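Below you'll find the structure, written out as structure tokens, and then a few comments.
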Amino acid sequence: MRILVTGGAGFIGGHIVEAALARGWEVRILDSLDPGIHPGPPRTNQAAGLLVGDVCDAGAVAAALAGIDVVVHQSAKVGLGVDFSDAPDYIRNNDLGTAVLLAGMAAAGTDRLVLASSMVVYGEGAYTDPAGRLVRPGPRRVEDLQNGIFDPRDPATGRILLPALVTEDAALDPRNVYAASKLAQENLASAWARSTGGMAVALRYHNVYGPGMPRNTPYAGVASLFRSALARGEAPRVFEDGGQRRSFIHVADVAQANLRSAEALSGGSLHPGGFRAYNVGAGEVHTIGHMAAVLSAQSGGPEPVVTGEFRLGDVRHITASSARIQAELGWAPRHSFDDGMREFATAPLRGAVD
Ligand SMILES: NC(=O)c1ccc[n+]([C@@H]2O[C@H](COP(=O)([O-])OP(=O)(O)OC[C@H]3O[C@@H](n4cnc5c(N)ncnc54)[C@H](O)[C@@H]3O)[C@@H](O)[C@H]2O)c1
């Protein structure tokens with residue numbers, strides 16, 4: 001198998017490259033080595049061919065695609081960013097980049113795509129009422145949050161809802177520019193599949209963590225923010241009451257989900273229709289407060305501080321049902337939360353942005 005990993009010098013892409021090489025696959029990387037992300041030279045495996053180039057550059061994409069069976073598209077501008085002035089940059093890197101890549105694939109006759117998507121396309125997680133019926137929550141009320149009532153209410157009855165696992169059929173509700181750009185990537189991939197006869201899998205990663213995660217930046221995930229605080233000798237600051245539920249997933253498991261998807265695509269065993277989305281999250285559900293406590297304990301640092309602070313746009317609970325990818329592609333996570341967090345507490349992070 002010959003794969004092209006866009007963003008292969010990044011956190012998740014780097015783990016995909018290593019896992020694919022370990023399987024004996026031929027790997028090419030297309031990565032712009034964005035200096036904001038890579039303050040120093042990246043540590044890419046020499047066995048992979050590294051092309052330094054922008055996915056928005058049709059010439060670079062054409063060169064990268066020569067002889068490739070499956071494209072594993074990870075390059076993106078990630079995270080929530082600083083403010084709305086970041087919007088054009090998100091759309092350029094994520095959506096223009098995906099359009100240029102897909103046009104290049106159509107021209108080259110490369111007809112298999114694995115796309116890195118995200119749980120952010122859902123907005124909120126799934127909730128039920130006490131009778132077990134799925135209910136879409138309304139926006140959380142400021143007075144509730146000020147009074148320490150963080151769980152969303154049933155808009156019809158005002159009763160507090162119960163968290164449930166989100167499935168791929170849930171309504172999509174991208175709530176920020178990054179989320180909108182990730183959903184647009186999925187829509188572009190679906191349109192490409194329909195128009196060219198190609199096949200695409202979109203993997204909706206949940207909270208990814210593990211070695212090589214970027215440090216404390218406006219684009220970093222919560223696990224990395226806690227690790228960076230502990231590295232400075234500070235207590236992790238946990239918002240709300242720390243009870244926010246997530247499906248933390250180890251980056252090595254995410255890499256395996258990508259390889260499994262590439263194999264399924266090259267075997268032609270994809271669900272009919274050319275495009276299929278899958279959640280990629282751990283079966284175990286943990287809270288953000290628990291994760292902070294485990295990281296503090298494992299690194300011997302100060303205990304987390306639960307601040308009660310809140311941000312109106314934050315998602316209260318979002319946890320994955322990964323039943324679809326398990327049933328259709330045979331992927332299941334291998335890393336337990338306890339082992340993964342023990343390793344992550346002292347694992348090297350990327351970049352020196354503390
Ligand atoms: N990290 C997470 O928790 C998470 C969760 C959900 C989805 N994702 C998705 O996974 C993918 C990988 O994320 P990551 O955490 O590894 O990010 P990352 O920032 O570590 O890696 C992204 C890589 O893409 C490269 N890149 C960015 N723009 C480019 C462009 N225009 N052309 C070529 N290369 C470019 C960067 O140089 C970098 O090496 C992204 O698509 C992201 O949206 C990540």
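The values are calculated or read from the model by the stated rules, or taken from the named source; none is laboratory data. Keep in mind it's a predicted model, so treat the numbers as computed, not measured. Don't worry about glycine lacking a Cβ; one is built from the backbone with ideal geometry, like all the others, and counts go over all protein chains shown. The area values use the complete protein model at the heavy-atom level, side chains included, leaving out ligands, DNA and RNA. Shrake-Rupley method; radii C 1.70, N 1.55, O 1.52, S 1.80 Å.
I'd like to check something: does region 54-66 contain any residue that is near the ligand (Cβ under 9 Å from one of its atoms) and either surrounded by fewer than 18 Cβ atoms within 10 Å (Cβ to Cβ) or of a type in the set (Gly, Ala, Ser) (or both)?
Within region 54-66 (the criterion being near the ligand (Cβ under 9 Å from one of its atoms) and either surrounded by fewer than 18 Cβ atoms within 10 Å (Cβ to Cβ) or of a type in the set (Gly, Ala, Ser) (or both)), the answer is yes, since at least one residue qualifies.
Looking at region 223-233, is at least one residue away from the ligand (no atom under 15 Å from the Cβ), open to solvent by 30 Å² or more (accessible area, probe 1.4 Å) and more than 25 Å from residue 303 (Cβ to Cβ)?
No, region 223-233 contains no residue that is away from the ligand (no atom under 15 Å from the Cβ), open to solvent by 30 Å² or more (accessible area, probe 1.4 Å) and more than 25 Å from residue 303 (Cβ to Cβ).
Spot the failing condition for residue 93; the list is (1) in contact with a strand residue (DSSP E or B) (Cβ under 9 Å, 6 or more places away or on another chain); (2) near the ligand (Cβ under 9 Å from one of its atoms); (3) open to solvent by less than 60 Å² (accessible area, probe 1.4 Å), and only one is missed.
Looking at each condition in turn, residue 93 falls short on (1).
Show me the strands (runs of 3 or more DSSP E) found entirely inside region 86-170 where at least 1 residues are at pLDDT 95 or above and in contact with a Pro (Cβ under 9 Å, 6 or more places away or on another chain).
So the answer is 126-128, 162-166.
Considering each residue of region 11-42, count those that are of a type outside the set (Phe, Trp, Tyr) and surrounded by 24 or more Cβ atoms within 10 Å (Cβ to Cβ), and give that number.
11
Do we find that residue 256 is surrounded by 15 or more Cβ atoms within 10 Å (Cβ to Cβ), touching a helix residue (DSSP H, G or I) at 6+ places or on another chain (Cβ under 6 Å) and not basic (Lys, Arg) in this structure?
Here the answer is no, as residue 256 does not meet what is asked.
Assess whether residue 297 counts as being open to solvent by 50 Å² or more (accessible area, probe 1.4 Å), assigned to a helix (DSSP H, G or I) and either farther than 18 Å from residue 250 by Cα or not acidic (Asp, Glu) (or both).
So residue 297 fits the description; yes.
For (1) buried (at least 16 other Cβ atoms within 10 Å of the Cβ); (2) within 24 Å of residue 4 (Cα to Cα); (3) of a type outside the set (S, T, N, Q), each residue gets a yes or a no:
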{"position": "239", "(1), (2), (3)": "yes, no, yes"}
{"position": "251", "(1), (2), (3)": "yes, yes, yes"}
{"position": "260", "(1), (2), (3)": "yes, yes, yes"}
{"position": "275", "(1), (2), (3)": "yes, yes, yes"}
{"position": "293", "(1), (2), (3)": "yes, no, yes"}
{"position": "303", "(1), (2), (3)": "no, no, yes"}
{"position": "306", "(1), (2), (3)": "yes, no, yes"}
{"position": "325", "(1), (2), (3)": "yes, yes, yes"}
{"position": "340", "(1), (2), (3)": "yes, no, yes"}
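Pull up region 1-54, narrow it to residues that are part of a loop (DSSP other than H, G, I, E, B) and hydroxyl-bearing (Ser, Thr, Tyr), then point me to the one that is modelled with the lowest pLDDT.
My answer is 44.
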